[in-house]
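Please treat every number below as a calculation from the coordinates, not as lab data. Predicted, not measured: the structure shown is a model, and the values here were computed from it. Every residue, glycine among them, receives a Cβ derived from its backbone with ideal geometry; neighbour counts consider all protein chains shown.
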Amino acid sequence: MDNKLIDVKNLKTYFYTDAGVVKAVDDVSFSIEQGKTLGIVGESGCGKSITSLSIMQLVETPPGKIAGGEILYRGENLLEKTPDEMRKIRGKKIAMIFQEPMTSLNPVFTVGQQIIEAIMIHEAGISRQQAREKAIDMLRMVKIPLPEKRIDEYPHQLSGGMRQRVMIAMSLCCNPELLICDEPTTALDVTIQAQILELINELKQKTGASIMMITHDLGVIAEVADDVMVMYAGKVVEQGTTDEIFDSPMHPYTEGLMNCIPRLEDEVEELHVIKGMVPSFDSMPDGCAFCPRCEYAKPVCGKSMPELIEKDGRKIRCFKYTDQWKEEV
Ligand SMILES: Nc1ncnc2c1ncn2[C@@H]1O[C@H](COP(=O)(O)OP(=O)(O)OP(=O)(O)O)[C@@H](O)[C@H]1O
Ligand SMILES: [Mg+2]
């Protein structure tokens, strides 16, 4: 039986700017089964946030537009839903913890008004007083000190880390089936970060929710994700199970990301880095987008973009695993 909660097929999200078309998400496909966690990694600007905003249909239009593909949620294409239908899905079935908390918190309402509103929209028959109590419980759960007092404060009165926790409380309060976390813990210190990951894990255990976890922190991915998707310049370059990817990264970019994880036992003083930068969309190389930074690159890599192929049960976009590679010296 098909157990996919979400199945994204050939998603293309483009920005039409004066400088040209920015293919922020370019033919990206992935699925998440019920109760599973998918980790999405890649350097800044690779299209991770735009992938998640596309699912929520919150891409700024114009200049952005979903130019192709399907987003199947329990088999139904979200791209065919009306704005009204989408509003009911957002928050209740699919919730998102945004990279920038102020995106989802309204500065003119108190924290409490916003959480209570969210609870009342999604829980029929609950009274305002009950919703307020539930909101205070949620704030306590995300370790906000003095929740009875904080609930009546405005977002600007809270620190960045606290705002992030308020947003996490808001997204968890309706027990979503799919929780999208876009860098949920970047603004938080490590102790709180561990508590937040624990909360997300609890939601998963308790409700069987699926999680899409976007983070720069590969340690977090190793801890929480079942599968990993590595993105580079809007495209998927490698996809596989977390164990496979961490044990034996196949794409040179994934290998580079893994090498950048500092290890305590390393005696070298300097940290590993991948030399160079992600190319900007107006200066994409002709061939593989990673070619200019790749230590294995051969002439073939500069000529055309490699296809995403299946190899040893995982997906990989690299000439190293093709016949063309063997033919070249
Ligand atoms: N409104 C916009 N207009 C034009 N280009 C945009 C717009 N929003 C995003 N982009 C481009 O889309 C690309 C992908 O952006 P995205 O925010 O998804 O990156 P990301 O992988 O989430 O990066 P980070 O790790 O920094 O959060 C970037 O190159 C960005 O410049
Ligand atoms: Mg982002």
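Summary of values
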{"item": "Links that overshoot a 25 Å alpha carbon limit, given the list K48/K298; K12/K81; K92/K143", "result": "K48/K298"}
{"item": "Amide H partners (placed H, <5 Å) of T17, local residues excluded", "result": "V22"}
{"item": "Aspartates and glutamates whose Cα lies under 17 Å from that of K303, excluding same-chain neighbours fewer than 8 positions away", "result": "D286, E295, D323, E327, E328"}
{"item": "When each of K9/K93; K206/K235; K4/K204 is checked by Cα-Cα distance, pairs over 27 Å", "result": "K206/K235"}
{"item": "Theoretical gain in end-to-end length, D243 to E327 [0.36 nm per residue, Cα-Cα removed]", "result": "27.1 nm"}
{"item": "Burial order of peptide ranges 41-51, 161-171 (average beta-carbon count within 10 Å, highest first)", "result": "161-171, 41-51"}
{"item": "Isolated Cys residues of the chain, judged by Cβ distance under 4.7 Å to other cysteines", "result": "C46, C173, C174, C181, C260, C294, C318"}
{"item": "For region 1-123: relative contact order, % (alpha-carbon pairs under 8 angstrom, 6 or more apart)", "result": "26"}
{"item": "Partners for K149 among lysines (Cα-Cα distance below 17 Å; same-chain residues under 8 apart left out)", "result": "K134"}
{"item": "Theoretical gain in end-to-end length, K143 to Q129 [0.36 nm per residue, Cα-Cα removed]", "result": "2.9 nm"}
{"item": "Chain lengthening between Q195 and L79 when straightened (0.36 nm per residue, less Cα-Cα)", "result": "38.3 nm"}
{"item": "Residues of region 36-80 with amide N under 14 Å of the 7 Å Cα→Cβ point at D226", "result": "36-39"}
{"item": "Likely footprinting exposure, D189, D227, fewest C-beta neighbours within 10 Å first", "result": "D189, D227"}
{"item": "Calculated [θ] (222 nm, deg cm²/dmol) that DSSP helices of n ≥ 4 give over the chain, each run adding -39,500 (n - 2.57)", "result": "-9000 deg cm²/dmol"}
{"item": "Fewest-first sequence of H216, H156 by Cβ atoms within 10 Å of each Cβ", "result": "H156, H216"}
{"item": "Nitroxide proxy distance, nm - points 7 Å out along Cα→Cβ at T17 and E70", "result": "3.2"}
{"item": "Sequence-separation-based contact order of the chain, relative, with Cα cut under 8 Å and 6+ spacing, percent", "result": "19"}
{"item": "Under the Karplus curve 6.51 cos²θ - 1.76 cosθ + 1.60, θ = phi - 60°, whole-Hz ³J(HN,Hα) for region 247-259, x wherever Gly or Pro sits", "result": "6, 8, x, 9, 6, x, 5, 4, 4, x, 4, 5, 5"}
{"item": "Amide H contacts under 5 Å for T37, placed H, 5+ residues apart", "result": "I211, D226, D227"}
{"item": "Test item: Cα-centred dipole of the chain, Lys/Arg +1 and Asp/Glu -1 on Cβ, debye", "result": "1080"}
{"item": "Value of relative contact order over region 159-284, rounded to a whole percent, pairs C-alpha under 8 Å and six or more apart", "result": "17"}
{"item": "Antiparallel DSSP beta bridges within the chain, as percent of all bridges there, nearest 5", "result": "65"}
